[in-house]
Amino acid sequence: MKSYKEIIEEFSEARRNGFVEVKELKDQGKKVIGVYCGFAPWEILASNDVVVAWLCGMSEEPIPAAEKDLPRNSCPLLKSSYGFAITESCPYYYFSDMLIGETTCDGKKKMYEYLGQMKPMYIMSLPQNLRRESSFDYYKDELYLLKEAVEKVLDIEISEEDIRKNIIIRNNERKALREFYELGKLFPPPIWGFSMRKVLEATKYIADKENEIKNIKLLTESIKENYKLYGSEVPSEAKRILITGSPLGEATEKIIKIIEENGGVVVCYENCSSTKSIDDLVDEKKNAFDALAERYLKTACACMSPNDNRLNMINHYISKYKIDGVMDMVLYSCHTYNCETYRVKNICNKNNTPYMSIETDYSSKDIGQLTTRISAFIEMLD
Ligand code: SF4
Ligand code: SF4
């Protein structure tokens, strides 16, 4: 039987293995849709055995190429996504038959227009105020339009039955992942936040969801068993940190490393592709489009206004995960998350939970300065 460390190691390889897998699936005649955002409804896109691939946008390498077309002071995620596309260095982009974008932040909207000149692109028009009753109908309409657009571009038919099947699969994935990341509630947590993040990130690149769910469950069981027998690999005095803010990725893993090399442990991630995208399930009993609209409109993204869901989630996690300190990671030029730091700080103050915000990009130039600031923050936590 594999140890939990071996299983985590296998998950870490998922992105690289996914490159080969997506090529093989393409060779077998499967269609591929590339997505960029947590608002893309996998349940509709993955119908008809379509492979839904998360497109790369988390490394520094393609940024110089992107800066030839985009302003240098755009956010690194935006530039990296665009750079990967124009240099065709993201295999997932290369094999995509169609791309899905959303009207989230202004920079992304404009960048999607450019990508639309290179590949068939559907930009979902999102409501901006998720509390309005009309937003529900607006988003639901968008889901129907998206379905039609995908059917037309890929020359397929998407049935409600297929979407229902996918709702169940995705819910099962969410449940399995939730059980996994909720291990962070244990005291001390059984594994480092860096390992937890590797697994959460990996799931974006695994096409075979049934197999992924099986392996996540196996991993969770194996970690629990090991914890019972041998305790934790994390010292009990490590300060429990919640990370929130702009999406995390390969290049910003430096923040997690700095925290965990300086007396902290990340026990909860609120960012996209973590609790934000996983915590809530889609109602399996309702009409599929109603249920999807209801679920996706809960996405606690700073591009929405007001974004009370995010504040409520942070409030809830501070107590559930017994958080010692909150780290708000904002990418340079990410104005939505940057402006929201004020509200996040206030919520933390109300909870008497120390708060720190940091701005960073995908380079390693600021590692020294970040280490000084983050280690000082952790040192002053009770
Ligand atoms: S943070 Fe918002 S805009 Fe960015 S990927 Fe997540 S849902 Fe999309
Ligand atoms: S990180 Fe912020 S600025 Fe960059 S694409 Fe996402 S929401 Fe937009």
Give Lys276, Lys286 a once-over and let me know the one that is farther than 26 Å from Glu237 by Cβ, surrounded by 21 or more Cβ atoms within 10 Å (Cβ to Cβ) and of a type in the set (Lys, Arg). Lys276
Filtered residues of the range 223-252 (kept if in a helix (DSSP H, G or I), modelled with pLDDT under 95 and either more than 16 Å from ligand 2 (Cβ to nearest atom) or closer than 13 Å to Leu200 by Cα (or both)): Glu250
Any hit, the range 112-120, residues being over 30 Å from Lys165 (Cβ atoms), within 11 Å of ligand 2 (Cβ to nearest atom) and either surrounded by fewer than 23 Cβ atoms within 10 Å (Cβ to Cβ) or at pLDDT 95 or above (or both): no
Output the residue which, of all residues in the range 274-299 that are in contact (Cβ under 8 Å) with a residue 12 or more places away in the chain, assigned to a loop (DSSP other than H, G, I, E, B) and in contact with an Asp or Glu (Cβ under 8 Å, 6 or more places away or on another chain), is farthest from ligand 2 (Cβ to nearest atom). Asp283
Yes or no: Cys339 out of contact with any Asp or Glu (no Cβ under 9 Å at 6 or more places or on another chain) and within 16 Å of ligand 1 (Cβ to nearest atom)? yes
What about Lys79, is it within 16 Å of ligand 2 (Cβ to nearest atom) and either assigned to a helix (DSSP H, G or I) or farther than 20 Å from Cys301 by Cβ (or both)? yes
Taking Ile163 as meeting all but one of (1) at positive phi; (2) open to solvent by less than 10 Å² (accessible area, probe 1.4 Å), write down the number of the exception. (1)
Within the range 303-325, of all residues that are farther than 15 Å from Tyr269 by Cβ and part of a loop (DSSP other than H, G, I, E, B), the one most open to solvent (accessible area, probe 1.4 Å) is Lys322
Leu130 versus (1) at pLDDT 95 or above; (2) within 16 Å of ligand 2 (Cβ to nearest atom); (3) open to solvent by less than 40 Å² (accessible area, probe 1.4 Å): which is the lone unmet condition? (1)
For the range 239-258, which residues satisfy the criterion of being open to solvent by 10 Å² or more (accessible area, probe 1.4 Å) and among the small types (Gly, Ala, Ser)? Ala251
Could you please tell me which pairs satisfy a Cβ distance under 9 Å, a separation of 6+ or placement on different chains, a first residue in the range 362-376 that is over 16 Å from Glu250 (Cβ atoms), and a second residue that is open to solvent by 80 Å² or more (accessible area, probe 1.4 Å)? Thr371/Glu261; Ser375/Glu261
Being within 13 Å of ligand 1 (Cβ to nearest atom) and of a type in the set (Asp, Glu) is the filter; apply it to the range 101-147 and report the residue that is nearest to the chain's Cα centre (by Cα). Glu102
Residue that is within 16 Å of ligand 1 (Cβ to nearest atom), modelled with pLDDT of 95 or more and under 21 Å from Tyr362 (Cα atoms), where the choices are Pro62, Pro76, Pro71: Pro76
With respect to Val35, is the statement that it is more than 18 Å from the chain's Cα centre (by Cα), open to solvent by less than 20 Å² (accessible area, probe 1.4 Å) and more than 11 Å from ligand 2 (Cβ to nearest atom) true? no
Filter result (outside any helix (DSSP H, G or I) and either touching a Gly at 6+ places or on another chain (Cβ under 8 Å) or more than 27 Å from Asp162 (Cα to Cα) (or both)) within the range 1-51: Met1, Lys2, Ser3, Glu13, Tyr36, Cys37
Considering only residues that are of a type in the set (A, V, I, L, M) and either assigned to a helix (DSSP H, G or I) or touching a Ser or Thr at 6+ places or on another chain (Cβ under 9 Å) (or both), look in the range 117-142 and name the one that is farthest from Thr104 (Cα to Cα). Leu130
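The values are calculated or read from the model by the stated rules, or taken from the named source; none is laboratory data. None of these values were measured; they are calculated from a predicted model. Backbone-built Cβ (ideal geometry, glycine too); neighbour counts: all protein chains shown. Note: accessible area is taken over every heavy atom of the protein model, side chains too, but ligands, DNA and RNA are not part of it. Shrake-Rupley method; radii C 1.70, N 1.55, O 1.52, S 1.80 Å.
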